[in-house]
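Working notes, structure below.
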Amino acid sequence: MRKALRWLLALVVLIGTVSTAGAATAAQPRATGTDIKDQLLSIPGMSLIEEKPYTGYRFFVLNYTQPIDHRHPSKGTFQQRITVLHKDTSRPTVFYTGGYNVSTNPGRREPTQIVDGNQVSMEYRFFTPSRPAPADWSKLDIWQAASDQHRIFKALKKIYSKKWISTGGSKGGMTATYYERFYPRDMDGVVAYVAPNDVVNKEDSAYDRFFAGVGTKECRDRLNAVQREALVRREPLEKKYADYAAAEGLTFTTIGSLDKAYEATVLDYVWGFWQYSLLSDCDSDTIPKDAKAATDDEIWTSIDTISGFSAYADQGLEQYTPYYYQAGTQLGAPTIEFPHIEKKYIRYGYQPPRNFVPRDIPMKFQPFAMRDVDTWVRHNANHMLFVYGQNDPWGAEPFHLGKGARDSYVFTAPGLNHGANVAGLVADEKALATARILEWAGVASAAVQANPDVAKPLAKYDARLDKRDIEREMTLRP
């Protein structure tokens, strides 16, 4: 992806220019007593959107000028939104991205709590408002996004000079991994949560095996029955869907029809349950115990609660066009079978990402992209931690470590879903993971270095900052 020397030289020239200018202006702000806001705004290309107060921190929402194309930086720029949760320049810094839009409210990711550090959060390119205008979609790829992170890191490292840890969950975990693959010298450690690894896009049998054994047979049968019943009752429920769409102003130009949107929503149902729910939730009133005896409204409510009937309308898809574009060009997307549903009830099956992206945006899949990352991780992972949830469908195709990996780990949290984290690991793995994160961040005490079992987060839990709800906007989205 970056083999042409002229591309690298162009990038080096750009970064060198920015760094030189930054050094001249940023040297003074680092002097004792200079306000952190002034230090941040002394970085060339950095501008303030707003500052929000929070006890013990300073929180800034910023814009940073980025090249549209890091290989050809002279061909235009765009404003990328980032946030900085500032604690102290003497503390380590966590670099977070969710792979989508960035939250403009203060929030602390698990590694930030563990190391009691600063946090820089990046909005992924092409998610509005961090989208070039006009948008050249060919510049939305994993190398360009990694290069965004690299430039942000280089700019902020002048202020936050201690250790850095990159992190993210789901697509953010993928993003942190890709960043490490392309810029392995930037970060001191990587904590990637629930990161899918679809190495061969057309080989998805791992997902079928997952759904055949996840949870209990009783729960699987109950969910499968509701999903099947929603397709058996397609005609009356689609009439309800049409009324709902009319009332909400929903349209279906991108996917092609209300019928396609209906089936896509229903086929997401079982996946969505395991992604967001726990096994114990199977006994909730949301899941009819007897699908055949349930009313149309009960079936509708169950599907809508878990999958969301607005997800595949134009209004639901628009925000996630960049994700579906990447799924259809580099990341890959799962296709699964439905052995509990007769073929006569399924018209389209799991639809490809192409169906969720406007047709005026060209797409071509690059099968080498994920193979390259997977091979690199297996042979070169260093200071990398992957955390998965036992009952999370996206973990059916995880990252693996090979003989070349060093001080790296893959752990699975028992019984957990797409919200799996270090806190949910079994005791010895939780302690080891916490100890390694502290060590990578340069803040492990002598006691922790001698005995990882005593490792604990350095910052106390904060109910507002550390709230870890799983995003639920759309099911088939990591």
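The values are calculated or read from the model by the stated rules, or taken from the named source; none is laboratory data. Bear in mind the structure is a predicted one, so any value in this text is a computation, not a measurement. Positions of Cβ are generated from backbone atoms using ideal geometry, with glycine treated the same way; all protein chains shown enter the neighbour counts. Surface areas here come from the heavy atoms of the whole protein model, side chains and all, with no ligands, DNA or RNA. Shrake-Rupley method; radii C 1.70, N 1.55, O 1.52, S 1.80 Å.
Computed quantities for the displayed model
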{"item": "Stokes-Einstein diffusion coefficient of segment 376-459, Kirkwood radius over Cα pairs, 37 °C, 0.692 mPa s, in µm²/s", "result": "244"}
{"item": "Global geometry of segment 271-321, whether rounded, prolate or oblate, following the gyration tensor of its Cα atoms and the 1.5 cut on a/c", "result": "oblate"}
{"item": "Residues of type aspartates and glutamates that K240 reaches as a straight line, Cα spacing below 17 Å, ignoring anything fewer than 8 places off in the same chain", "result": "E229, E248, D259, E263, D296, D297, E298, D304"}
{"item": "Fraction of antiparallel bridges per DSSP, the chain only, in percent to nearest 5", "result": "50"}
{"item": "Amide N of segment 75-110 lying under 12 Å from the label point, which is placed 7 angstrom from the Cα of E50 along Cα→Cβ", "result": "104-106"}
{"item": "Pairs of alpha carbons in the chain whose separation is greater than 31 Å (percent)", "result": "45"}
{"item": "Interatomic Cα distance distribution for segment 192-293, bins of 5 angstrom, percent", "result": "2, 10, 17, 19, 17, 16, 12, 6, 0"}
{"item": "Accessible surface of the chain, 1.4 Å probe, proportion on carbon and sulfur as whole %", "result": "51"}
{"item": "Mean separation of Cα contacts under 8 Å (6+ apart) over length of segment 148-209, as relative contact order %", "result": "34"}
{"item": "Sequence-distant lysines (8 or more away, or on other chains) whose Cα lies within less than 19 Å of K289", "result": "K217"}
{"item": "Overall form of segment 130-213 per C-alpha gyration tensor (a/c, 1.5; a/b vs b/c)", "result": "oblate"}
{"item": "Net lengthening on full extension, K217/D35 (0.36 nm per residue, minus Cα-Cα)", "result": "59.6 nm"}
{"item": "Mean Kyte hydropathy of 0.0 or more with a Cα span along the axis of at least 15 Å, helices from DSSP in the chain", "result": "5-26"}
{"item": "Cα radius of gyration and Dmax for segment 33-147 (Å)", "result": "14.7, 45"}
{"item": "Listed peptides 211-219, 331-339 by packing density, highest first (mean Cβ within 10 Å)", "result": "331-339, 211-219"}
{"item": "Förster-model FRET efficiency, 22 Å R0, T128 and R359, C-beta, rounded to 0.05", "result": "0.65"}
{"item": "Spatially proximal lysines relative to K87 (Cα-Cα < 21 Å; intrachain offsets below 8 disregarded)", "result": "K37, K52, K154, K157, K158, K162, K163, K456, K460, K467"}
{"item": "FRET efficiency for S74 and D243, using Cβ-Cβ distance with R0 set to 30 Å, rounded to 0.05", "result": "0.05"}
{"item": "Difference of contour (0.36 nm per residue) and Cα-Cα distance, D296 to Q366", "result": "20.9 nm"}
{"item": "Mean Cα-pair separation over length for the chain, i.e. relative contact order, pairs under 8 Å, 6 or more apart, %", "result": "16"}
{"item": "Tensor-based shape of segment 226-268 (alpha-carbon gyration tensor, a/c under 1.5 rounded, otherwise prolate or oblate)", "result": "oblate"}
{"item": "Convex hull per residue volume in Å³, alpha carbons only, for segment 255-295", "result": "86"}
{"item": "Those residues of segment 144-177 whose amide nitrogen sits under 15 Å from the label point placed on D407, 7 Å along Cα→Cβ", "result": "163-166"}
{"item": "Mean Cβ count within 10 Å, highest first, over the residues of peptides 449-455, 395-401", "result": "395-401, 449-455"}
{"item": "Relative packing of 370-380, 102-112, which averages over residues the other C-beta atoms within 10 Å, highest first", "result": "102-112, 370-380"}
{"item": "Among G168, I152, G189 - extreme Cα towards positive end, dipole of segment 146-209, charges at beta-carbon", "result": "I152"}
{"item": "FRET E, pair A206, Y461, Förster distance 30 Å, beta-carbon r, rounded to 0.05", "result": "0.30"}
